[in-house]
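Enquirer: Here's a structure for you.
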Amino acid sequence: MKILINFFSIAEAMKLLAKYYIIEDADIGENTIIRDFVNIHGCKIGKDCKIAPFVDIQKGVVIGNRCKIEPFAFIPTGVIIEDDVFIGQHVCFMNDKTPKAYDPEWKPISTLVKKGASIGAGAVIICGNTVGKGALVGAGAVVTKDVPPNTVVVGNPAKLLKKVK
C-alpha cells in the first residue's frame, strides 16, 4: 500500500524502490534511488543520489548530485547540500536556535553543506553554520560554528581534530 504520492516531478530514470512513502511537490533527478518510509516535501534532489529508508526532507531543501543520505536523517527547511555529500545515519540538522511551539514571525535559519563534505552518524548540525568543502564531521559531533574546508571536527561542541587534503 502506498501512503501518498502527489505533485512531484521525476526524471524518467528515477528509481523509486519503495512501497510505503510520502513524496509531495518534489523535483527528483535521474538515477536517484529512494527507499521505503521516506517523507519528502517540496524539495529538490539531484541526480544519482541515494535516499535511505526513514529519511525526512522538508520543503525548500536543495540536495546536489551524487549525495548519499543514510537512514533516519532529518533535513529541515533552510538546508542546502551541495554535490557529493555523505549524510550518515541519524544526522539531525536544526533550523531554529530558539524553538517555540508557536511563533507567527518564525523564519528558518539556513545551513550550507559544501561539496564533498561527510557528516558522521548521529551528528547534530546547529543552524546558521557552513560545513566546508571536503570537511568531515565525526560521528556524534555537535556543530555549533562553521567547519573549515578540508578539516575533521569531533566532539560536543565540535572541535578541530586535524586538517586533511
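Enquirer: If residue 108 satisfies every condition in (1) farther than 18 Å from residue 154 by Cα; (2) crowded, with 20+ Cβ neighbours inside 10 Å; (3) in contact with a Pro (Cβ under 8 Å, 6 or more places away or on another chain) but one, which is the exception?
Expert: (2)
Enquirer: Whether any residue in the range 111-128 is among the hydroxyl-bearing types (Ser, Thr, Tyr) and either within 21 Å of residue 25 (Cα to Cα) or surrounded by fewer than 19 Cβ atoms within 10 Å (Cβ to Cβ) (or both) is what I want to check.
Expert: no
Enquirer: Looking at the structure I just gave you, is residue 110 more than 16 Å from residue 76 (Cα to Cα) and modelled with pLDDT of 95 or more?
Expert: no
Enquirer: Next question. Consider the range 56-80. How many of its residues are touching a His at 6+ places or on another chain (Cβ under 6 Å) and not charged (D, E, K, R)?
Expert: Here the count works out to 2.
Enquirer: Would you tally the residues in the range 81-107 being at pLDDT below 95 and either of a type in the set (Gly, Ala, Ser) or assigned to a strand (DSSP E or B) (or both)?
Expert: Counting residues in the range 81-107 that are at pLDDT below 95 and either of a type in the set (Gly, Ala, Ser) or assigned to a strand (DSSP E or B) (or both) gives 1.
Enquirer: Could you list all residues from the range 74-123 that are at positive phi and among the charged types (D, E, K, R)?
Expert: 84
Enquirer: If we scan the range 103-120, do we find a residue that is closer than 24 Å to residue 18 by Cβ, under 12 Å from the mean Cα position of the chain (by Cα) and among the small types (Gly, Ala, Ser)?
Expert: No, the range 103-120 contains no residue that is closer than 24 Å to residue 18 by Cβ, under 12 Å from the mean Cα position of the chain (by Cα) and among the small types (Gly, Ala, Ser).
Enquirer: Quick one: in the range 28-73, which of the residues that are assigned to a loop (DSSP other than H, G, I, E, B) and among the β-branched types (Val, Ile, Thr) is nearest to residue 133 (Cα to Cα)?
Expert: In this case the residue turns out to be 61.
The values are calculated or read from the model by the stated rules, or taken from the named source; none is laboratory data. Nothing here was measured: the structure is a model prediction, and the numbers come from that model. Note that each Cβ is placed from the backbone with ideal geometry, even for glycine, and that neighbours are counted across all protein chains shown.
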